Amino acid sequence: MADPIYHLALAADWDSSASEYRGSTLGRSLEDEGFVHCSAVWQVQGIADAVYWGHDDVVLLTIDPDRLGADVRIEDGYPHIYGPIPTDAVASARAVPLDGDGRLLLDGLLPDSPAG
């Protein structure tokens, strides 16, 4: 298996019973952007801080790129998925808690990884 890639989503947008996921980033869809914004393990906290600060309804999707039917391209340093994500390509979907200041707490949800 290739290294997993990660995607933060609002819980209301993630439906594990659906056949695919079509969100791209906060308030934007695959159709809006043309791809799904994702992160390498070392990028997730930065995206959480920049985009999802204060949202108490976020899930972290861990995606197996070998199970995607779409191209994954690294652009501007980030993995982008050019198509919907089949639900069975999502190895896990875990709720992300907040600290008292509204920062998403990803400790324990991501494997340790050196910065890229």
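The values are calculated or read from the model by the stated rules, or taken from the named source; none is laboratory data. Since we're looking at a predicted model, the values are computed, not measured. FYI the Cβ positions are ideal-geometry reconstructions off the backbone, even for glycines, and counts take in every protein chain you see.
Count of region 24-35 residues, restricted to those that are over 12 Å from the mean Cα position of the chain (by Cα), in a loop (DSSP other than H, G, I, E, B) and modelled with pLDDT under 95, is 1.
Residues that are touching a Phe, Trp or Tyr at 6+ places or on another chain (Cβ under 8 Å) and under 16 Å from D107 (Cα atoms) do occur in region 73-93, at least one of them. Selection of region 14-32 for residues being among the acidic types (D, E) and exposed (fewer than 14 other Cβ atoms within 10 Å of the Cβ) yields D15, E31, D32. Residues that are of a type in the set (D, E) and surrounded by fewer than 18 Cβ atoms within 10 Å (Cβ to Cβ) number at least 1 in the following strands (runs of 3 or more DSSP E) confined to region 36-108: 71-75.
Take the conditions (1) in a loop (DSSP other than H, G, I, E, B); (2) modelled with pLDDT of 95 or more; A2 misses just one of them, which is (2).
Scanning region 88-116 for residues that are of a type in the set (S, T, N, Q) and within 13 Å of the chain's Cα centre (by Cα) gives a single hit, S92.
The residues on offer are D32, D3, and the sole one that is more than 17 Å from G108 (Cα to Cα) and free of Cβ contacts under 8 Å to residues at least 60 places away in the same chain is D32.
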